Amino acid sequence: AGPIRLLFAGNVIPIKGVHTLISAMERLAPRTLERMTLTIVGDGPAEYERALRSQADRAGLSPRIRWCGRVSRDWIPSILRAQDIVVVPSICEDALPRIVQEAMLAECLVIGSRRGGIPEMIEHGETGWLVDAEDEDEIARLLEEAAKEPGARHRIARAGRAGRARALTEFSLSTMLDRVETYLQESLRAAGDAGPREARA
């Protein structure tokens, strides 16, 4: 059946949590890891990438990881169609990451952190899976669950189809603009609420 193909796509910088994903892979049972590959698409500071490669080397993961560097956005849809699971382990407050939408449209199972607008895009357990930011143990557990036999391929494909159906109905341009506006308003309101408390302190 071939390996289960994981993908990270985005800026390879600390706030995107790539190190968390590699740490999660370190925690996989050997039999699970043997059935998985990870493709990393994107680039960032050379120092951070060197640290990630060293982390992977120390854990013996390098044979399982393919580093693609930056690619044209035109290539992203075809790359996504070749994947099974897209992991979005952001630590930062991503508003509505485009990669989540694109991955769902490509029928990939998405595992995303509970940060920013990601929980608004993924219905946990139905159209994808949510984890707390920097929780490598939970990411590892979900990867184990996705890969569990029998039925691994069926389980991943079913979530992917549900994700695509949600994306087609929920991610229209007007809906996305409304969500961005709501997210920005809530962020501004939260910032306004924090100001007086700090002043009183």
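Observations, loosely collected:
- Condition check for residue 45: modelled with pLDDT under 95 and surrounded by fewer than 16 Cβ atoms within 10 Å (Cβ to Cβ): no
- Scanning segment 102-120 for residues that are within 14 Å of residue 8 (Cα to Cα) and open to solvent by 30 Å² or more (accessible area, probe 1.4 Å) yields a total of 1.
- Failed criterion for residue 123 (all others in (1) touching a strand residue (DSSP E or B) at 6+ places or on another chain (Cβ under 8 Å); (2) acidic (Asp, Glu); (3) surrounded by 15 or more Cβ atoms within 10 Å (Cβ to Cβ) hold): (1)
- Selection within segment 31-60 - in contact (Cβ under 8 Å) with a residue 40 or more places away in the chain and in a helix (DSSP H, G or I): 32, 52
- Contacts under 6 angstrom Cβ, first residue in segment 8-27 being more than 15 Å from residue 41 (Cβ to Cβ) and in contact (Cβ under 8 Å) with a residue 60 or more places away in the chain, partner among the hydrophobic types (A, V, I, L, M, F, W, C) and open to solvent by less than 20 Å² (accessible area, probe 1.4 Å), 6 or more apart: 24/139; 24/140; 25/61; 27/140
- Tallying residues that are more than 15 Å from residue 117 (Cα to Cα), outside any loop (DSSP other than H, G, I, E, B) and polar (S, T, N, Q) within segment 61-107 yields 2.
The values are calculated or read from the model by the stated rules, or taken from the named source; none is laboratory data. These numbers come from a predicted model, not from an experiment. Every residue, glycine among them, receives a Cβ derived from its backbone with ideal geometry; neighbour counts consider all protein chains shown. Please note that ligands, DNA and RNA were not included when accessible areas were found on the heavy atoms of the full protein model with its side chains. Shrake-Rupley method; radii C 1.70, N 1.55, O 1.52, S 1.80 Å.
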